[in-house]
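These notes are about the structure you will find just below.
The values are calculated or read from the model by the stated rules, or taken from the named source; none is laboratory data. It should be emphasised that the depicted structure is a prediction, and the values quoted were computed from it without experimental measurement. Here the Cβ is made from the backbone with ideal geometry for all residues, glycine too, and neighbour counts use every protein chain on show. For the accessible areas, the whole protein counts, side chains as well, though only heavy atoms, and no ligand, DNA or RNA atoms are used. Shrake-Rupley method; radii C 1.70, N 1.55, O 1.52, S 1.80 Å.
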Amino acid sequence: MRRRIQRVVRSRAVVEGAGVHLHRAIGFEAPEGHDPFLLLDDFRSDRPDDYVRGFPWHPHRGMETITYVLRGEVEHRDSLGNRGTIGPGDVQWMSAGSGIIHQEMPKGEPGGAMYGFQLWANLPAASKMTEPRYRGIAASEIEQVTVDGGTLIKVIAGSVGGITGPVRDVVTHPEYLDVSIPPGGSFTHSTPSGHTVFAYVFDGKGRFDDHSKEAVGNRSLVEFGDGASVHISATHDDPVRFLLVSGKPIREPIAWQGPIVMNTQEELARAFEELDANTFVKAKPGR
């Protein structure tokens, strides 16, 4: 059975960090609604004033951040001594685990363009206090495959057409695809029954199930109901490009405040007490 559209939601303008203007597609409602995903931010802008202040030092515990850059760069540093730059086409999949303190500072192209997305994914209770780790994936490591007569897919996590993405061994079995369908083309893709599946459109227009009457365009989140596959088609006049994301729900209680995501209010309170006491970071620098 193919998945049908459950609803379409437009992302909303918000200001985060030290004054970063972005559009949020997931993160306004009860977090169980997109389990295991908590938040999806679209930080595409051509104006440096929208992003240059960045995200100075802040903590994370109990969750993962997945940053995918299309244009510009994001410089990052953390309390464990890690530092680096994510450039066009690169992905950083960070598991905060027991806790890190880091900063992320965007730097646009000479013309001002800074395009990318950040997705937050929850960790199950058994993984919340594990050691933090990074998966830095260069654009050259992300293979592309062409299927269905012209649909181009960058496979970050999951498998398509015999290609498996470089992000593996994640407990929620995520799939993260960057999909481009040419005008008049279509794409059918199997999805595990019971998994949460959504698409986020960032270019062109498309129809996201067999019953779609209206094409869905830029900065729109398409939430799918359950099923074994999705079928998506571009209009005859426009291509469509979107992120297609899925993951296995964790189905555990969520206690979430700011950048810390735990299972109980007691665990959340303890995390903030440790922040105040400077005992929040458990891992040693250089790990």
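Looking only at residues in the range 254-280 that are open to solvent by 50 Å² or more (accessible area, probe 1.4 Å) and aromatic (Phe, Trp, Tyr), which one is farthest from Gly99 (Cα to Cα)? My answer is Trp256. Annotation for the range 243-250: at least one member residue is open to solvent by 20 Å² or more (accessible area, probe 1.4 Å), under 24 Å from Ile66 (Cβ atoms) and of a type in the set (Val, Ile, Thr).
Does Ala283 fit the bill of being at pLDDT below 95 and open to solvent by less than 20 Å² (accessible area, probe 1.4 Å)? It is true that Ala283 is at pLDDT below 95 and open to solvent by less than 20 Å² (accessible area, probe 1.4 Å).
Note on the range 113-145: residues that are assigned to a strand (DSSP E or B) and either without any contact (Cβ under 8 Å) to a residue 24 or more places away in the chain or open to solvent by 20 Å² or more (accessible area, probe 1.4 Å) (or both) amount to 9. Within the range 97-108, is even one residue hydroxyl-bearing (Ser, Thr, Tyr) and closer than 17 Å to Gly54 by Cα? No, because not a single residue in the range 97-108 is hydroxyl-bearing (Ser, Thr, Tyr) and closer than 17 Å to Gly54 by Cα.
How many of the residues in the range 182-209 are acidic (Asp, Glu) and open to solvent by 20 Å² or more (accessible area, probe 1.4 Å)? Result for the range 182-209: 1. Would you say Asp209 is among the charged types (D, E, K, R) and more than 26 Å from Gly62 (Cα to Cα)? Judged against the criteria, Asp209 is a match. Only one of the numbered conditions (1) farther than 30 Å from Leu80 by Cα; (2) modelled with pLDDT under 95; (3) of a type outside the set (Phe, Trp, Tyr) is not met by Arg251, and that is (2). Every listed requirement among (1) surrounded by fewer than 17 Cβ atoms within 10 Å (Cβ to Cβ); (2) at pLDDT below 95; (3) within 22 Å of Pro36 (Cβ to Cβ) is met by Val170 save one, (1).
For the range 170-208, the set of residues classified as assigned to a loop (DSSP other than H, G, I, E, B), within 21 Å of Ser95 (Cα to Cα) and of a type in the set (A, V, I, L, M, F, W, C) consists of Val170, Val171, listed by residue number. No other residue among Gly72, Gly97 is touching a Gly at 6+ places or on another chain (Cβ under 7 Å) and surrounded by 19 or more Cβ atoms within 10 Å (Cβ to Cβ) apart from Gly72.
If the condition is being of a type outside the set (Gly, Ala, Ser), touching a Gly at 6+ places or on another chain (Cβ under 7 Å) and open to solvent by 20 Å² or more (accessible area, probe 1.4 Å), then the range 75-94 contributes only His76. Could you please let me know if Pro31 is modelled with pLDDT under 95 and not hydroxyl-bearing (Ser, Thr, Tyr)? Judged against the criteria, Pro31 is a match. When Glu223 is tested against (1) open to solvent by 70 Å² or more (accessible area, probe 1.4 Å); (2) part of a strand (DSSP E or B); (3) not polar (S, T, N, Q), exactly one condition is not met: (1).
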